[in-house]
1. Checking the structure you have, find out if any residue of the stretch 43-51 is in contact (Cβ under 8 Å) with a residue 40 or more places away in the chain, within 16 Å of the ligand (Cβ to nearest atom) and more than 17 Å from Leu97 (Cβ to Cβ).
2. Residues Tyr35, Tyr106: which one is of a type in the set (Phe, Trp, Tyr) and within 14 Å of the ligand (Cβ to nearest atom)?
3. Being outside any helix (DSSP H, G or I) and under 26 Å from Ile137 (Cβ atoms) is the requirement here; does Ala177 meet it?
4. If I filter the stretch 138-146 for residues that are in contact with a Lys or Arg (Cβ under 6 Å, 6 or more places away or on another chain) and either within 16 Å of the ligand (Cβ to nearest atom) or assigned to a loop (DSSP other than H, G, I, E, B) (or both), do I get at least one hit?
5. Checking Asp59 against (1) surrounded by fewer than 18 Cβ atoms within 10 Å (Cβ to Cβ); (2) closer than 18 Å to Asp260 by Cα; (3) within 16 Å of the ligand (Cβ to nearest atom), which single condition isn't satisfied?
6. Name every residue in the stretch 42-59 that is closer than 22 Å to Leu112 by Cα and either in contact with a Ser or Thr (Cβ under 6 Å, 6 or more places away or on another chain) or among the small types (Gly, Ala, Ser) (or both), in order of residue number.
7. Do we find a residue being within 16 Å of Ile150 (Cβ to Cβ), of a type outside the set (Ser, Thr, Tyr), out of contact with any helix residue (DSSP H, G or I) (no Cβ under 9 Å at 6 or more places or on another chain) and modelled with pLDDT of 95 or more anywhere in the stretch 212-229?
8. Scanning the stretch 263-290 for residues that are in contact (Cβ under 8 Å) with a residue 12 or more places away in the chain and part of a strand (DSSP E or B), which turns out surrounded by the fewest Cβ atoms within 10 Å (Cβ to Cβ)?
Amino acid sequence: MKKIGVLTSGGDAPGMNPAIRAVVRKAIYHNLEVYGIYGGYTGLISGNIQRLDLGSVGDIIHRGGTMLHSARCPEFKTKEGQQKGIKQLQAHGIEGLVVIGGDGSYRGAKALTELGFPCIGVPGTIDNDIPGTDVTIGFDTALNTVIDAIDKIRDTASSHERTFVIEVMGRDAGDIALWAGLAGGAETILIPEEKYDLNDIVERLRKGQERGKKHSIIIIAEGVGSGIEFGKRLKEATNLDTRVSVLGHIQRGGSPTVADRVLASRLGARAVELLIEGKGGRAVGIENNVLVDYDIIDILDKHHKFDRELYKLSQELSI
Ligand code: ADP
């Protein structure tokens, strides 16, 4: 393998830049040529492809977002779109592709692999919903952003004796809500993986008030439903001064944390190693702090493991 490509796709995540940097530097270290594909699969189809050198990825390790930009590209879900992409790759002499992104981006990488073009998936999403890895690039940074917000909301909640409902991202996964809820000392954590009963929540709030609690924080994952709707129902049921904060896209930005920069560097470099070893069609990840890789075609049939123990602990500590 002499020439490889790299792209970022789908929802952006802090840490994509250090992952791109690792791919480019590792490839050049091993005397490969690297091409950046700008704008995800949209840029792949249109041929928005440029050679990257060591300097191209200078001064990006600490930046959120992705220097290669990202996009959602419905055309790439079609065979015609995928064939156009392969033609562009071949026109540039690119023999292997590293795709940094979430579940949808992995499906695109899987489709290319099935058409005979070797791809490596690198898990880049704040949602932590990718199978074959304990954590995804961006998850830790997003958690730190959420924790920062929870801590600030806690200050104002306690001054005004309010109940706050905080809606966080995560798509269909509850990991952001669970980890941030545990670390932020939330009284209640609502996640799509576990059913809830409004009466139980009302009862917990009542008990908390009885023992003199001045405020409560409830974290709701977007996969459960709207925080605003939930806040209305809670207010009707309790008559408590209830406010809702939907954190939204701030969770996707910011300078990547140390954990994300190190993870991105390790996974990006491993992706290049696999291509050099001639092992295309893999998804890289980290399990128990050991780098792993799985068949990208099989991995998408699996589900990211939900940490039920951690959920149980969060309940035990928030009585
Ligand atoms: P993420 O990668 O963050 O999960 P999306 O789900 O939006 O984000 O997917 C990103 C892009 O991946 C889509 O816009 C599309 O171009 C491509 N993609 C998604 N699903 C498929 C699929 N089944 N086959 C081919 N490409 C896909």
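1. No, that holds for no residue.
2. Details: Tyr35 fails: within 14 Å of the ligand (Cβ to nearest atom).
Exactly one of Tyr35, Tyr106 is of a type in the set (Phe, Trp, Tyr) and within 14 Å of the ligand (Cβ to nearest atom), namely Tyr106.
3. Values: outside any helix (DSSP H, G or I): no; under 26 Å from Ile137 (Cβ atoms): yes.
In short, no.
4. So the first thing to find is which residues in the stretch 138-146 are in contact with a Lys or Arg (Cβ under 6 Å, 6 or more places away or on another chain), and the list is none.
So far as the stretch 138-146 goes, no, none of its residues is in contact with a Lys or Arg (Cβ under 6 Å, 6 or more places away or on another chain) and either within 16 Å of the ligand (Cβ to nearest atom) or assigned to a loop (DSSP other than H, G, I, E, B) (or both).
5. (3)
6. Matches in the stretch 42-59: Gly43, Ser46, Gly47.
7. Looking for residues that are within 16 Å of Ile150 (Cβ to Cβ), of a type outside the set (Ser, Thr, Tyr), out of contact with any helix residue (DSSP H, G or I) (no Cβ under 9 Å at 6 or more places or on another chain) and modelled with pLDDT of 95 or more, one finds at least one in the stretch 212-229, hence yes.
8. Quick first cut of the stretch 263-290, residues in contact (Cβ under 8 Å) with a residue 12 or more places away in the chain only: 263-276, 278-288.
Next cut, part of a strand (DSSP E or B) only: 282-287.
Values: Arg282: 25, Ala283: 30, Val284: 24, Gly285: 24, Ile286: 19, Glu287: 13.
Residue satisfying both the conditions and the ranking: Glu287.
The values are calculated or read from the model by the stated rules, or taken from the named source; none is laboratory data. Everything quoted here is computed from the prediction, not taken from an experiment. Reconstructed Cβ throughout: ideal geometry from the backbone, glycine too, with neighbour counts over all protein chains shown.
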